Each structure stands twice: as C-alpha cells, then as structure tokens.
Amino acid sequence: MDNRTWFCQALSNKALIDQLKNIKLLVCDVDGSLTDANVYFSLEGEDGRSFSVQDGFAMEKAVKAGLLLSLMSGKSNKTTMLRGMPLGIPEELCIVGVKHKPSIIKELAQRYNLELKHIAIFGDDFLDAQVKLELSDILFIAPANTPFYLTPHADLQLPLAGGQSAFRLFLDLLLFVQSKHFAQELIQNCIQKTT
C-alpha cells in the first residue's frame, strides 16, 4: 500500500482521528522505530545508528507546533540525546535505559498534567506494546517491522518500517488532523484529488 492510500484510509477511521486530535504527548521508541534496528559496532564497541532525516525534519516541526515529544529508549546510549536535543526535544524528555516504559509514561503524565488518553507511543517491540497492555487508554502506533504477535495490540500500524520515515508519516497524520501541519494545504489538496 502506498503512503497516500494509507493516509486516506487512516483519515476515514473516525474513532482514530478523534483520538489523534487530543494527543498532547508523543513518546517515541528509538531502536527499530527511529532507526532501522541496526546498531553499528567498531573495535571500541557500539558505534552509532542510522536515523531518517525526514523523521527529524517533522520532529522539529512538531515540537515547534507545540507537541510534547519524548524519545525513550531501553538502551543507555548517548545517541538518543544527540538526536533529540538539536531537534528541540528537551533533555528531560530524552530518556534512556528504561526497563519499564509504563512507569515512566505515568510519571510524564503526572508531570505534564495529562490524562493517559492524551498520550501516544510509537514503537516496534515488546517494551512499547507493554505500554498499551498495561495502560489501555494510551494510543499505540507500530511501524511495519513490529513483530506479528504485537501488532494486534496496535491502534494503528504504518506501512513503513522504522528508520524508513515511518515516524514522519505518522507525524504527518497527527499534525494534519490537529490542523498544525507545516504543509496543511498541500496535504489537503492531495487528499481531495484522491477522493
């Protein structure tokens, strides 16, 4: 399925769109969600990850539009900070070494005075699906590379894999339905041509 068809199908899901309109905090996993799930190693050890430039562009625009965006990784690595902070994500929302994401997300909800229904998590593996399993009001968004046994718990699955601009496509949808997209009119024109 091409991205435009997926986008239009997602827009036709009224219940989903109603939920997306109320999202104030978007938590994003890092490895496998913002990256291609590969970690590069040298003789010195872990030596970096590959991120999508398109994801980064949309993340920066989303932060400027007022969306709270958090990068949350189960791994303890500096890459998460190095990626997030130049995009405008505050250091306290670049969270690494997380073993139980539901606990951290509940803390974030309290800190920012949010109900769980105002939070979405974008992730590709068990630690991300666990958020939905334990906190059912949270929206769980999964890229295409999510294991098959976790996708039944996702509220929405992207047609793209992590690191292949899947997060950009989701941010395009989220910002568009909230009328905050930097290319709102272009998307609207494109959608009108397909309906």
Inset, instruction - Only one of the values (i) 15.6, 51; (ii) 15.9, 54; (iii) 18.3, 57 was calculated from this structure for Rg and Dmax of the Cα atoms in Å; name its label. - result: (ii)
Inset, instruction - Just flag the chymotrypsin sites (Phe, Trp or Tyr not before Pro) in the stretch 1-103 sitting in loop per DSSP whose Cβ has no more than 14 other Cβ atoms within 10 Å. - result: TYR40
Legend entry - Whole-number percent relative contact order across the stretch 90-195, with pairs defined as alpha carbons under 8 Å at least 6 apart: 16
Legend entry - Taking the chain and dividing mean pair separation by its residue count, relative contact order in percent (alpha carbons under 8 Å, at least six apart): 26
Legend entry - At most 12 other Cβ within 10 Å, DSSP loop - chymotrypsin sites (Phe, Trp or Tyr not before Pro), the stretch 111-153: PHE148, TYR149
Inset, instruction - Report, to the nearest 10°, how far helix 184-194 tilts away from the longest principal axis of the Cα atoms in the chain, using its own Cα long axis and a range of 0 to 90°. - result: 60
Legend entry - THR35 long-range amide H proximity, modeled H, under 5 Å: GLY163
Legend entry - Between 0 and 90°, nearest 10: helix 166-177 axis offset from the chain longest Cα axis: 40
Legend entry - Charge dipole of the stretch 3-194 about the Cα centre (unit charges at C-beta), most positive-ward option of THR80, ALA62, ASN145: ALA62
Inset, instruction - Select from the stretch 66-127 those GluC sites (Glu not before Pro) which occupy a DSSP coil region and have at most 11 other Cβ atoms within 10 Å, ordered by residue number. - result: GLU115
Inset, instruction - Can you tell me the 0 to 90 degree angle between the C-alpha axis of helix 53-64 and the longest principal axis of the chain, rounded to 10? - result: 80
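FYI, it's all coordinate maths here, none of it is from the lab. Remember, predicted model here, so these are calculated numbers, not experimental data. When we count neighbours, we look across all protein chains shown, and the Cβ atoms used for this are built from the backbone with ideal geometry, even at glycine.
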